[in-house]
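Asks: Can you read through this structure? Questions will come right after.
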Amino acid sequence: MNKGYLALWILGFILLILDLGIVVSLLKKGDERRQLIVWKSSTSTFSILVGVLVLDCVSKLMTTALNLSFDNYDNNSSPFSLLTVTAIVFFISLRYNKKKLGG
């Protein structure tokens, strides 16, 4: 097996763990401070995700409105990549809010 493929599999496994970490942290019960940390992290992740989706819609609208076509630009994003970006943003936000609020 090529080292590049091995690194890609390891990266995919780590990102899958992050994706599952979102579900676990949302379902885990805790005290009010922990709920506040998860709530703030979820809110900021949702806001960033909505911003990314709005920018994606605007770029698709502008591309079709101006009849632009890029040969090497794929305008379709996969659900796994969107979920991965969401997991990374949630993980960073969760660590920031835990440090800020002392969780």
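Here, each number is a calculation from the coordinates, and none is a lab measurement. Fair warning: this is a prediction, and the values are worked out from it, not measured in the lab. Because the Cβ atoms are built from the backbone with ideal geometry, glycine has one as well, and the counts that use them run over all protein chains shown.
Asks: Of all residues being free of Cβ contacts under 8 Å to residues at least 60 places away in the same chain and basic (Lys, Arg) in region 78-103, which is farthest from ILE10 (Cα to Cα)? Just the residue, please.
Replies: LYS100
Asks: Are there any pairs with C-beta distances below 7 angstrom linking a residue in region 16-29 that is free of Cβ contacts under 8 Å to residues at least 24 places away in the same chain to a residue that is in a helix (DSSP H, G or I), with the two at least 6 apart or on different chains, and if so which?
Replies: LEU26/VAL38
Asks: Here is a follow-up. Here are some residues: LEU36, LEU26. Which one is part of a helix (DSSP H, G or I), hydrophobic (A, V, I, L, M, F, W, C), touching a helix residue (DSSP H, G or I) at 6+ places or on another chain (Cβ under 8 Å) and surrounded by 13 or more Cβ atoms within 10 Å (Cβ to Cβ)? Walk me through how you get there before you give the answer.
Replies: Values: LEU26 fails: surrounded by 13 or more Cβ atoms within 10 Å (Cβ to Cβ).
One residue alone meets the criteria, LEU36.
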